[in-house]
Amino acid sequence: MNGSQRSFFSRGRLLIGGSIAAALILVGVYLAAGGSSYTPEKTQDPCQQRPWRDPEGLQEIAEQFSLSAMDGAACELGVTRETLAQALATPEGRERFRERFGIDDAKLATAIRAGLLRAVTDAEDAGALSPLLGGPLRTTVEEVPLDQAIELVQDASSAFGTFQDFLGPAGDLLEELLP
């Protein structure tokens, strides 16, 4: 081996050694920072009421409505809100969820409707929904087909937006009925 080849191999060994040392230091820092005892944060119990923020406008009300409805449905089914949200994202996810937890469409529909009714009550209690609208909304929720109920739980903003569009000029009145 000539001198340039030895120099190349020496630099290669130095780089490998430096990389190993850096990796060991990184692991040491991770362990010193408590990385060996990491446990994921527990998800909140969906059966416990979550406080509503002070919503301004239909979009924020719709967002909180969806979260409340998802909590209510998850509580009825005995799962976390995150598990239910993931299950409802796609038809395949819903099928896997039903198989995993032994839930049929009737039980899922009952839970979704219960969640939506809870969201109506939560919205009224938070002053985000007038009781004048709460009654008709409850009646609608009790009759809505499962697929539409799931859509409402996932994204209430589309339903609130559609409702406001349907009202046309009376939509301003709706905004006034919302505190």
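Things to note:
- In order along the stretch 83-98, the Karplus-derived 3J(HN,Hα) couplings, from 6.51 cos²θ - 1.76 cosθ + 1.60 at θ = phi - 60°, round to 4, 5, 4, 5, 5, 7, 5, 9, x, 5, x, 5, 5, 4, 4, 4 Hz, and Gly and Pro are given as x.
- Qualifying trypsin sites (Lys or Arg not before Pro) for the stretch 111-146 [loop in DSSP, other Cβ within 10 Å: at most 13]: none
- Sequence of L117, L15 once ranked by neighbouring C-beta atoms within 10 Å, starting from the fewest: L15, L117
- Here the 3J(HN,Hα) profile of the stretch 117-130, calculated from phi with Karplus coefficients 6.51, -1.76 and 1.60 at θ = phi - 60°, is 5, 4, 5, 4, 4, 4, 5, 5, 4, 7, x, 8, 9, 5 Hz, Gly and Pro shown as x.
- Net charge over other residues, Cβ less than 14 angstrom from the Cβ of R94 (K, R count +1; D, E count -1): -3
- The distance between label points at I20 and E56 comes to 6.0 nm (points 7 Å beyond Cα on the Cα→Cβ vector).
- Local electrostatic count at V120 - Lys and Arg +1, Asp and Glu -1, tallied over other residues with Cβ under 14 Å: -3
- Peptides 79-86, 124-131 ranked from most to least packed give 79-86, 124-131, packing being the mean of other C-beta atoms within 10 angstrom over each peptide's residues.
- Computed label-point distance, nm, for sites T110 and T139 using a 7 Å Cα→Cβ extension: 2.5
- Placing a label point 7 Å from the Cα of V29 along the Cα-to-Cβ line, the residues of the stretch 9-23 whose backbone N sits under 15 Å from it are 19-23.
- Each other residue within a Cβ distance under 13 Å of P136 adds +1 if Lys or Arg and -1 if Asp or Glu, for a net charge of -2.
Where a number appears in this text, it was derived from the coordinates with a stated rule and is not lab data. Predicted, not measured: the structure shown is a model, and the values here were computed from it. All Cβ positions, even for glycine, are placed from backbone atoms using ideal geometry, and neighbour counts span all protein chains on display.
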